[in-house]
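Only one structure is covered here, and it is reproduced in the block below.
What follows draws every value from the coordinates through simple rules; no lab data is involved. Note that the structure is predicted; figures quoted are calculated from it, not measured. Neighbour counts are summed over all protein chains in view; Cβ atoms, including those assigned to glycine, are modelled from backbone coordinates with ideal geometry.
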Ligand code: SF4
């Protein structure tokens, strides 16, 4: 007799339909699929402009408020003062504040000084001066009132920015290289592909009901986290066809981490949008829609493998085979572009580290002033919550560094400031269990004090990522020290905010998911002491050339 555990996995999975449209499984199988089927999510834009902004928060029905408004980059933010221990026990409406988090999508992470000034003014005028640089090339505001949304959109659209599909089950902001067009090692600038996709496919109703979100990274250099996106194009030179991109599919972290698989295909720049579109359609049609926690492309790719994924992509969506191609080079470590680096035209790019991406409207306006004084019109956001000023002449570098530091942007940061990231956390996120942003600020200050004497001994900064819940918005699985927020029992037997520790994760050559060490749960109040202990032991015990992950 065959026991349950002996049954092949596929047999167990086919017991229920996964909600794959390609198999004719159109019946909505969960509440999200129901509201998407009842009314197309993009239709909410007209209602925001014509009704909700005029009639106020209370006029917004639940399926728009907690559902379709995400397609416009709007999430309700967490009601202030609710303890993290209560997150799982309260209904969504009990956690809702009457204000929104708003995400502005900045595809490719590229901003002009004029756009930056508009972003700064929106923060000051409508968002209580909040502004976070996210790890997905977005600027995120809080405290947005529905009445102000039309004016915010008007200001954004006047300078070519928007919030369309910045959240929701659709194609999210495309990550690009922060140094596209200026880095000496870049062979092709991928920006035209990113711009084409944004102009032609974002907001297309045909692509606006995906099983869940779809994240993209298109960059010559491997500096836009290609391993953990649904689709990535990474620069590589084909021995016969020249420069193009290595296609990788099915990465993603969340509660279960997968790294993107190479399909073994090489794609020239002009075909990147076509292959991207084909993959989005494959995900739309074949992706699993029954369970939300299996509705990412990575689960389909896990089940199919690289060969079948490529075969379906070519046969059903492209109608032609892709060219085989070599693997893109992998970097030894994270490339964050912090510090002063030479551009290919002889000027400089200068990368700055705000702590965990947090800044303000006033600080962003100060950055625009500093850029103007330095003669720069171009700013880039990175996949590591950092900011890079381009086109800085030699004689303007030091004044720029001096001006930016008091604004919270350090161009010569300590390793602790440089490599600490944090998600939104308890302050504003309805799913959060513990605080993260302020904790990151406190932790950086504490580690600079406790571990400053080791700065010169670290070949590369030790990445510390803080998450407010089991999701992975700050990518805990690929940090040297990943901290997953939860309520823990401390030494005195009290329930306190703390973190489950994951150690030794990384991207690039160090590509590995950090190990979850069950015994390593640390109270938030003891975080500095814990990190000091771990890092001191690593420095004392490592052998030559051994990284933290080793
Ligand atoms: Fe919110 Fe959790 Fe994401 Fe942090 S990791 S922003 S707490 S959902």
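So the values come out like this:
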quantity	calculated
Globularity index of segment 467-550, i.e. its alpha-carbon radius of gyration over 2.2 N^0.38 Å	1.13
Segment 286-435 - Rg (one decimal) and Dmax (whole number), Cα, Å	21.4, 58
Surface/4 estimate of mean projected area, convex hull on alpha-carbon atoms of segment 279-371, nm²	11.4
Directionally averaged projected area (convex hull, Cα atoms, segment 412-468), nm²	3.9
Ranked 548, 26, criterion: other C-beta atoms within 10 Å, fewest first	26, 548
Pairwise Cα inverse-distance average, inverted: Kirkwood Rh of segment 211-325 (Å)	14.0
Helix-derived mean residue ellipticity, 222 nm - over the chain, DSSP H n ≥ 4, -39500 (n - 2.57), to 500	-8000 deg cm²/dmol
Semi-axes of the equivalent ellipsoid for segment 409-550, Cα gyration tensor, largest first, Å	23, 16, 16
Hydrodynamic radius by Kirkwood, which averages 1/r over all alpha carbon pairs of segment 142-192, in angstrom	13.9
At 1.002 mPa s and 20 °C, Stokes diffusion of segment 375-429 via Kirkwood alpha-carbon radius, µm² per second	164
Compactness of segment 87-165 as Cα Rg over 2.2 N^0.38 Å, two decimals	1.17
In Å, descending, principal axis extents of the Cα set of segment 347-470	45, 37, 22
For segment 10-160, convex hull of alpha carbons as volume per residue, Å³	174
The chain pair-distance distribution - Cα-Cα, 20 Å bins, rounded %	21, 57, 21, 0
Compactness relative to 2.2 N^0.38 Å, alpha carbon Rg of segment 133-251	1.18
Hull volume in cubic angstrom per residue (convex hull over the Cα atoms of segment 215-264)	58
Size of segment 31-120 as Cα extents on the principal axes (Å, biggest first)	44, 34, 27
Share, in percent, of DSSP beta bridges within segment 391-502 that are antiparallel, nearest 5	55
